[in-house]
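**Student:** Attaching a single structure in structure tokens format; questions to follow.
Derivation of every value follows stated rules applied to the coordinates shown; laboratory data play no part. Please read all numbers here as calculations on a predicted model, not as lab measurements. Counting neighbours? That spans all protein chains shown, and the Cβs are built from the backbone with ideal geometry, glycine included.
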Amino acid sequence: MTRSSTQAQRLRDLAMLRRVKDRIDREYAQPLDVEALARGVNVSAGHLSREFKRAYGESPYSYLMTRRIERAMALLRRGDMSVTEVCFAVGSSSLGTFSTRFTELVGMSPSAYRAEAAEATVGMPPCVAKQVTRPIRNREAPPAGRK
């Protein structure tokens, strides 16, 4: 391959990865998995996972779960849904997996977050509350009690 054809292929790959990322952002509440995402862009699941991680620093599954947790945080701040209802509303099919991932990203359980966030964002515009309460990716949440 020539340098220009390698560069052109890289640009096509990046465009494909952006389509996958956009699909996750749009359809986070749908039953998505890496195989389905890969079929949507005609590549293997392994290739998609490797290239997505190389481009964005995390796997497609991790990115999907982060999107779901971000939406769950917003729903929990509203306070009108139970943790179980929020879990299923954001597309998770397992309350245990949802709670574990939520705790990894946010640093507290969904129930604790719901109780704490309701008070912490009172009077705050939703756009500011979303930015201030955005989850931390890649298990970077500080241990409970330390900030």
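**Student:** To check my understanding: the extent here is largest minus smallest coordinate of the Cα atoms along each principal axis. What are those three numbers for the chain, in Å, largest first?
**Tutor:** 59, 29, 28
**Student:** Right, here's the next one. Using Cα pairs closer than 8 Å and at least 6 residues apart in sequence, work out the relative contact order for the stretch 3-60, in percent. Numbers along the way, then the final one.
**Tutor:** Numbers: 29 pairs, mean separation 15.5, N = 58.
For the stretch 3-60, the relative contact order is 27 percent.
**Student:** Once the Cβ-Cβ distance between R78 and R10 is put in as r, and R0 is 35 Å, what FRET efficiency do you end up with, to the nearest 0.05?
**Tutor:** The value I calculate is 0.25.
**Student:** Same structure, new question: I'd like the distance between the alpha-carbon centres of the stretch 8-54 and the stretch 55-74, rounded to an integer number of Å.
**Tutor:** If you average the Cα positions of each part, the centres end up 13 Å apart.
**Student:** Enumerate the calculated ³J(HN,Hα) couplings along the stretch 52-57 in order (Karplus 6.51 cos²θ - 1.76 cosθ + 1.60, θ = phi - 60°), each rounded to whole Hz, writing x wherever the residue is Gly or Pro.
**Tutor:** Couplings: 4, 5, 5, 7, 10, x Hz.
**Student:** Convert each backbone phi in the stretch 6-17 into a coupling constant with the Karplus relation 6.51 cos²θ - 1.76 cosθ + 1.60 (shift: θ = phi - 60°), then list the ³J(HN,Hα) values in order as whole Hz, x for Gly and Pro.
**Tutor:** 5, 5, 5, 5, 4, 5, 5, 5, 5, 5, 5, 5
**Student:** Considering the options L75, T103, S59, tell which one lies farthest towards the positive end of the dipole of the chain, charges being +1 on Lys and Arg and -1 on Asp and Glu at the Cβ, about the Cα centre.
**Tutor:** S59
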